[in-house]
């Protein structure tokens, strides 16, 4: 059981993520698994990027249209547990300071964490190795 | 008669290692081959090194446009029935092409062949190598990357060329598109490519910012499959 005061953040030493057209796609650079969430799930991901606590996330989700607090708590426990098990997120100590909470005007949909393991072989070599220093390729406009 | 294999070496300022890469191509037991260096506007001595090989190697160049555009440049100048790529800092096993070509002889339906790849760390990165001890990439890994690819030329018409909108994940995007089209790709268990890790290679440039590009490529693939 994850405690309400617990905070989480993206496990950036292992994963890369992008929110595109409202869908969050996360790739684990170590093992080639990748994940997607949309709607409410993307809302949760944005709050995890802000290191919001479970209680704060629960409160925000419960404010969505049609949300029932008890259900929201259960769904959030499941979602966060799945992301922890896949090493997509990790515990965080402090909230991100000076960032206003994100608000969303939408109907509540149970968040779904889609897990894909079909491209582990294709992603075994070429994505960036976790933990390497950044040395960007010099782009033409900056050359 | 054995088919001609075009060996394309995309390079950007690769003077430090390109000689070893080219020697590993010229040492291939397979013949006939042609070697094309596709130069992405290098400003180091890459051109001088390539010219020292005389007529054995052809160099084509462009104003710097990125890895995908450089691979496509090499493709446009390739005359072989089969295309192989070798990054300018990597090495091939002498029998790499011969063993892959044998698979095409054995399997008429085969479209492409990749091999396992072993990463090699230069001494300047000894500390990093130690920190990665036990990581799966210190073991031979499936080489779904251009540096181990041997493909029928017409496959680039079926799957398309490399997307120049991508700066880091163009090869992964190509392999994903190939898989979506049910292209027949065989992965050899043999380690026939050695991918060098050093202070300035492309793999090292693919870190924080490039990770998001891989996520974008996967998103595009999900969209295509859900359409």
> In segment B:17-27, what count of residues is obtained for those that are within 16 Å of the chain's Cα centre (by Cα) and in contact (Cβ under 8 Å) with a residue 40 or more places away in the chain?
Replying inline: 6
> Which of the following residues is at pLDDT 90 or above and at the interface with chain B (Cβ under 7 Å from one of its Cβ atoms): A:126, A:121?
Replying inline: A:121
>> If the requirement is being at negative phi, modelled with pLDDT under 95, surrounded by fewer than 21 Cβ atoms within 10 Å (Cβ to Cβ) and under 12 Å from the mean Cα position of the chain (by Cα), which of these qualifies: A:18, A:30, A:13?
In response: A:18
> Are any of the residues in segment B:116-123 within 14 Å of another protein chain (Cβ to nearest Cβ), in contact (Cβ under 8 Å) with a residue 60 or more places away in the chain, touching a strand residue (DSSP E or B) at 6+ places or on another chain (Cβ under 7 Å) and surrounded by fewer than 16 Cβ atoms within 10 Å (Cβ to Cβ)?
Replying inline: yes
> Considering B:111, B:40, which residue is crowded, with 21+ Cβ neighbours inside 10 Å, more than 14 Å from the chain's Cα centre (by Cα), within 22 Å of residue A:126 (Cα to Cα) and modelled with pLDDT of 95 or more?
Replying inline: B:40
>> Residues that are in contact with a strand residue (DSSP E or B) (Cβ under 9 Å, 6 or more places away or on another chain) and more than 30 Å from residue B:221 (Cβ to Cβ): does segment A:30-50 have at least one?
In response: no
>> Contact list please: Cβ distance under 9 Å, first residue in segment B:132-154 and farther than 24 Å from residue B:79 by Cα, second residue at pLDDT below 95 and part of a helix (DSSP H, G or I), pairs at least six apart or on different chains.
In response: B:132/B:138; B:138/B:129
> Do you know which residues across segment B:179-210 are within 11 Å of chain A (Cβ to nearest Cβ), under 19 Å from residue B:84 (Cβ atoms) and modelled with pLDDT of 90 or more?
Replying inline: B:185, B:187, B:193, B:195
> Within segment A:11-22, can you find the residues that are over 23 Å from residue A:109 (Cα atoms) and within 11 Å of chain B (Cβ to nearest Cβ)?
Replying inline: A:12, A:13, A:14, A:15, A:16
> Considering only segment A:23-47, how many residues are more than 10 Å from every other protein chain (Cβ to nearest Cβ) and part of a loop (DSSP other than H, G, I, E, B)?
Replying inline: 2
> Among the residues of segment B:125-178, how many are assigned to a loop (DSSP other than H, G, I, E, B), closer than 15 Å to residue B:115 by Cβ and facing chain A (nearest Cβ under 9 Å)?
Replying inline: 3
> What is the one condition in (1) within 26 Å of residue B:173 (Cα to Cα); (2) away from every other protein chain (no Cβ under 14 Å); (3) surrounded by fewer than 20 Cβ atoms within 10 Å (Cβ to Cβ) that residue B:3 does not satisfy?
Replying inline: (1)
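The values are calculated or read from the model by the stated rules, or taken from the named source; none is laboratory data. Model, not experiment: these values are computed from the prediction. Methodologically, a virtual Cβ is constructed for each residue, glycine included, from the backbone with ideal geometry; neighbour enumeration extends over all protein chains shown.
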